[in-house]
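Accompanying notes for the structure given below.
The values are calculated or read from the model by the stated rules, or taken from the named source; none is laboratory data. Here the structure is a predicted model, which is why all the values come from computation and not from measurement. A quick note on method: Cβ atoms are made from the backbone with ideal geometry, for glycine too, and the neighbour counts reach across all protein chains shown. To get the accessible areas, we keep the full protein, side chains included, count just its heavy atoms, and leave off ligands, DNA and RNA. Shrake-Rupley method; radii C 1.70, N 1.55, O 1.52, S 1.80 Å.
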Amino acid sequence: MTIYVAPSLAAALDALHDYGPAGAIFAGGTWIMRSPIRHEPLKGHYVAIGRIAELKAVRIGTDALEIGAAVTHTALATALAGLPEFAVLAAAAGHSANPAIRAMATIGGNLAAADFAAADCVPALLCLDAEVEIAGHGGGERVSLAQYLKIRSTLAAGRLLCKIVVPRTGRKTAHIRLPQRKAGDYAAAIVSLAVSLDAAGRVETARIAIGSVEPVARRWERLETALVGHRLEPIRAAQTAGGLVDEFVGRNSVDVPAWYRVSVLPGLVRRAAAAALGS
Ligand SMILES: Cc1cc2nc3c(=O)[nH]c(=O)nc-3n(C[C@H](O)[C@H](O)[C@H](O)COP(=O)(O)OP(=O)(O)OC[C@H]3O[C@@H](n4cnc5c(N)ncnc54)[C@H](O)[C@@H]3O)c2cc1C
């Protein structure tokens, strides 16, 4: 196995192009290092992207937040501290895994790891209406995160997720994860929430994304629709969620049965609504 430390994005794309299917990107390595545990073969060639300055930048503009794919969870949580509209993402990046892992794991790797159902940044970015930029030897494109999640496992080996773009909407946000232990654990279920409220406290727009319950995180659009036009009251939101929760088919694992992941969702919705309201 070889590791090539790319000095620039262009060099990384060239190397990935040359390696073809035998090559892959190496970001934080925290998912790749556990390939043997998942009985997955390692690639012959890795292209490390951690030294590429443009992939390590966080830009907080007036209209949008731009995050380079190689920004670590720790760096992202630090950059977003004190911005309530991105509290959901700061919490996702700042409370996943443990401090040592957060210092290495990147946001790009979090979105690109196709079989990682418990990735924290995926639901957080879904509820923020994020888009991603994908670069390749022959050019680039920007797609919604939801679309990227559909195509990521079929993308050619030379395609590199280079940037995440999040519009600034000023919504109130929260990220609630339910681990089995206090830290260092995958969440059994995740609720990420972003809402805008009118002057009377009624919900104008709602985005709610669920992670770790099914193989891939997704928006809970029926719950979003049901909350719009009503005051955001945590207990009522949980009751509404309880009436809609049967649309989820949980995933079974050794530690957590499918039914448990689904049954905790109303309670997590209540906690997310309360956190977004600051109570
Ligand atoms: C014990 C443990 C517990 C953890 N718990 C959690 C948790 O609860 N929640 C959580 O969110 N994270 C958790 N993580 C971290 C998790 O592994 C990372 O969040 C992430 O999924 C991998 O990021 P990485 O930068 O290490 O990616 P890598 O391991 O470097 O790569 C992962 C995959 O993505 C591909 N890839 C990487 N970057 C790109 C890119 N820019 N474009 C295209 N493809 C790319 C790689 O080729 C590889 O296939 C945990 C890690 C460990 C070790």
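Among residues of segment 226-248 being open to solvent by 40 Å² or more (accessible area, probe 1.4 Å) and among the aliphatic types (A, V, I, L, M), the one that is nearest to Ala187 (Cα to Cα) is Ile235.
Given the residues Ala77, Ala97, which is the only one that is assigned to a helix (DSSP H, G or I) and more than 21 Å from Pro7 (Cβ to Cβ)? After ruling out the rest, the residue left standing is Ala77. From the list Ile25, Ile37, Ile3, the lone residue that is open to solvent by 60 Å² or more (accessible area, probe 1.4 Å), among the hydrophobic types (A, V, I, L, M, F, W, C) and within 23 Å of the chain's Cα centre (by Cα) is Ile37. The residues of segment 154-183 that are out of contact with any helix residue (DSSP H, G or I) (no Cβ under 7 Å at 6 or more places or on another chain) and within 10 Å of the ligand (Cβ to nearest atom), listed by number, are Leu155, Arg159, Lys163, Pro179, Ala183. Report the residue count in segment 104-148 for those that are touching a residue at least 40 places away in the same chain (Cβ under 8 Å), over 10 Å from the mean Cα position of the chain (by Cα) and either assigned to a helix (DSSP H, G or I) or near the ligand (Cβ under 8 Å from one of its atoms) (or both). Residues that pass the stated criteria total 6.
For a quick check of your reading: which strands (runs of 3 or more DSSP E) sit entirely within segment 160-225 and have at least 1 residues that are open to solvent by 10 Å² or more (accessible area, probe 1.4 Å) and under 27 Å from Gly108 (Cβ atoms)? Counting at least 1 such residues, we get 160-167, 172-179, 203-211.
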